[in-house]
Structure formats: C-alpha cells, structure tokens
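In what follows, a single structure is set out as structure tokens and then discussed.
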Amino acid sequence: GYKKLENRAFVNNKEGLRASLDDFQWTKKAKWIDHMVVAGTKTAETLADVNDDLARETHFYEHALRSAEVAIKNLKEIGVAVKRPDDFYAEMVKSDEHMKRVRAELIFEQTSQETRE
Amino acid sequence: KEKCVILSSRGVTSRYRHLMLDTMTLIPNSKKDSKLDSKNPKDAVVEVADMKSCSSAMFFECRKRTDCYMWLAKCPEGPSVKFHVENVHTMAELKLTGNHLKFSRPVLHFDATFDDAEKPHLGHIKEMLTHVFATPFRHHKQKPFIDHIFAFYYEDDRVWFRNYQIVHPEGKEVRATGVTLSETGPRLCLHPIKIFGGAFGGPTLYDSPTYVSPNVQRAEKKKEDMGKYARKVA
C-alpha cells in the first residue's frame with residue numbers, strides 16, 4: 001500500500017546503479033556513428049522557470065541546435081551524407097495530407113492575426 | 001543489435017495510443033505487438049520480447065484511463081526504468097511544422113546533466129534511452145540522410161523529449177546562418193519513478209523522491225476542495 005511520504009526512505013543505490021550500467025552499456029565501446037549521441041555543453045544560463053513555455057522552448061531549441069551543429073561537423077568529417085537532395089523522394093513521418101493541414105493552419109493563424117490588427 | 005518491442009496494456013486511451021504509434025514511426029528497429037491483457041503484464045512483456053527476439057521493450061501501462069506509465073526495459077535480464085508520462089503532444093497536432101524522412105537515423109542530444117557522476121541514475125537513464133532511440137548503423141530500414149535530432153533535457157526532475165527536423169536553409173543570405181531546427185513532435189515529459197535491477201522488477205536501484213503518484217495528487221486536490229462550498233457561503 002501507499003506509505004506516507006514523510007517517513008519513506010528513498011533508495012538511491014549509486015554503486016548498484018554504476019554496476020548495472022557497466023553491465024548493460026555498449027555505447028562506451030561503440031564508435032560514435034553507432035549511436036550519434038551528442039552530450040550538451042554545460043552553460044551558465046539555466047532555466048529559471050520550467051513552466052514558462054516560451055523561455056523553456058527557446059532554451060531547448062538553442063541546446064538542440066548547438067548539438068545538431070556538432071553532429072553535422074562530426075558527420076562531415078567521416079563523410080556521411082547529411083543533407084537530403086531536393087530530388088530524393090521517400091516516405092516522410094508526416095504525410096503530405098497532414099502537412100497540407102499544417103500549412104493551412106499556419107496561414108489561417110497569420111490571416112486571423114492580421115484581421116485582428 | 002538492438003531491437004525494441006513496443007506495446008501497451010489494454011485500456012490505453014487514444015492520446016497515448018497515438019503517442020505509441022508516433023514512437024513506432026520514429027524508431028525503425030522497433031516491433032509492434034498487440035495490447036496486453038494479462039493479470040501479470042510484466043512477465044508477459046519479457047516473454048513477448050523474447051518471442052520477437054528483441055533486446056529491449058517499451059511498454060505503455062495505462063491505469064484508470066487517465067494515467068500512463070512508460071516502462072523501458074532491457075530484456076530479459078534488465079535493468080528497467082519506470083516513468084510517469086506527462087504533457088503529451090502527439091505528432092498529429094498542427095502546431096508543429098517540422099517533417100523529416102521516415103526512418104532516417106536520428107542524432108541524439110542529451111543535456112550535460114545526464115553525465116553528472118554524482119547522479120548515476122541519470123547516466124543509467126541516458127544509456128537506456130540511447131539503446132531504445134538510436135537507430136543501429138546500417139539498419140536495413142534506414143534512410144541515407146540524417147535530418148532530425150531527438151533531444152532529451154533534464155529539468156524539474158523530469159526528462160523532456162523533443163524531436164526537431166534539421167533544416168538546411170536555401171539561398172545565399174540564409175546560408176550564412178547555418179542550419180536551423182523545426183519541431184516535428186511528439187513532445188513528452190517523462191518523470192522517472194523507479195529504476196529496477198531486473199526487467200520489470202527485481203531490486204530497486206533508484207526511487208525518485210520527487211514523484212507523487214497521480215492518485216495521491218488527486219486525493220490531495222479533493223482534500224483541498226473539501227468544504228469549499230461551506231467556506232463560500234460562510
């Protein structure tokens with residue numbers, strides 16, 4: 001059953017976690033191309049309030065962008081294609097149908113903004 | 001090679017089902033399986049993973065048609081992590097304008113916090129997420145270009161997930177600015193609850209002190225609301 005929060009001991013078995021990690025991890029031994037993980041850089045600026053949507057998303061965006069740039073640099077060094085040529089057609093995660101609706105929504109929002117002004 | 005089976009419990013609501021389908025379109029090395037209707041789903045998932053010869057499993061467990069938990073587990077030996085899924089936005093939403101090739105390999109971004117030596121549970125979670133979300137190099141379904149990035153952030157004791165398309169701007173002026181990103185979705189927020197030594201059980205290695213079960217949250221809310229009317233009329 002549910003125990004009261006105050007008198008509950010929280011497990012944090014650091015040794016156990018490290019041992020378990022050593023047991024199942026493969027990314028340490030693998031080449032970078034096998035997983036393509038980019039660790040973010042520690043920055044001075046921290047997010048003041050996670051509930052501030054705009055600040056949070058900008059923070060997220062900037063960090064992801066920095067990592068994307070690092071990844072592209074790495075990929076170029078080992079000669080892996082990054083950019084999709086314009087004549088390369090293949091299935092996308094969102095269908096054309098869906099993208100049409102996304103665009104229509106975007107236009108709708110812009111025009112409604114304009115009419116309000 | 002990593003392979004991941006994705007499935008949910010019975011009674012999954014549409015939002016979480018859509019989320020599950022989204023993750024499937026993002027992970028080429030995933031296998032779908034039917035909803036589990038079992039008294040003891042934990043053992044059943046390991047069995048399913050074994051049958052599909054998958055090395056990991058992602059299991060969406062829905063309770064009371066409102067709460068959703070996500071299990072990530074290495075099968076069959078473990079370890080496993082249980083998350084509470086919060087703040088879900090699926091790819092079907094129209095606000096997110098990005099789009100990328102289906103089954104192109106993702107770049108993974110992790111906040112620097114995940115490598116904190118004093119917080120081994122985060123390193124553990126990072127490794128687990130990498131196993132599930134990274135596409136093996138030269139996977140037979142992969143597309144030859146790399147045009148999106150999965151980003152994992154650690155804020156407010158939660159793991160935030162974002163998926164961005166990497167956009168290469170056209171034209172001379174824009175080229176100087178380098179790449180930009182465009183969010184594709186889905187968005188979700190995972191609150192780690194526990195890390196277990198085994199798959200779906202075994203010794204507890206980590207227990208989050210900040211997690212409050214949604215049942216307790218609701219009970220607290222009700223308690224707060226108790227006597228609201230009486231206060232109003234008094």
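Just so you know, all these numbers are worked out from the coordinates, no wet-lab data involved. None of the values given here were measured: they were computed from a predicted structure. Virtual Cβ from ideal backbone geometry, glycine too; neighbours counted across all protein chains shown.
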Open item on the list: Between A:Glu69 and A:Asp87, what is the label-point separation in nm under the 7 Å Cα-to-beta-carbon projection?
Closed with: 3.3
Open item on the list: Could you work out the pair-distance distribution P(r) of chain A from its alpha-carbon pairs, with 10 angstrom bin width and percents rounded to whole numbers?
Closed with: 9, 16, 27, 28, 12, 8, 0
Open item on the list: Can you compute the FRET efficiency between A:Leu47 and B:Ala230 using 1/(1 + (r/R0)^6), with r the Cβ-Cβ distance and R0 = 51 Å? Round to the nearest 0.05.
Closed with: 0.80
Open item on the list: Per DSSP helix of 4 or more residues, -39500 (n - 2.57); summed, then divided by the residues of chain B. What does that give at 222 nm, rounded to the nearest 500?
Closed with: -7500 deg cm²/dmol
Task: Convex hull volume of segment B:12-118 per residue (C-alpha atoms, cubic angstrom) - done: 154
- [ ] At q = 0.12, 0.13, 0.14 Å⁻¹, work out log10 I(q)/I(0) for the protein assembly as shown with the Debye formula, treating every Cα as an identical point scatterer and leaving solvent out; two decimals please.
- [x] -0.94, -1.09, -1.26
Open item on the list: Quick check: the distance between the Cα centres of segment B:103-168 and segment A:52-91, to the nearest angstrom?
Closed with: 12
Task: Dimensions in Å of segment B:4-233 - Rg and Dmax from alpha carbons - done: 19.5, 69
Open item on the list: Across segment B:69-194, what fraction of all alpha-carbon pairs, as a whole percent, falls in each successive 5 Å bin from zero upward?
Closed with: 2, 10, 17, 20, 19, 16, 9, 4, 2, 1, 0
TODO: With N denoting the number of residues in segment B:108-169, provide Rg(C-alpha) divided by 2.2 N^0.38 Å, to two decimal places.
DONE: 1.28
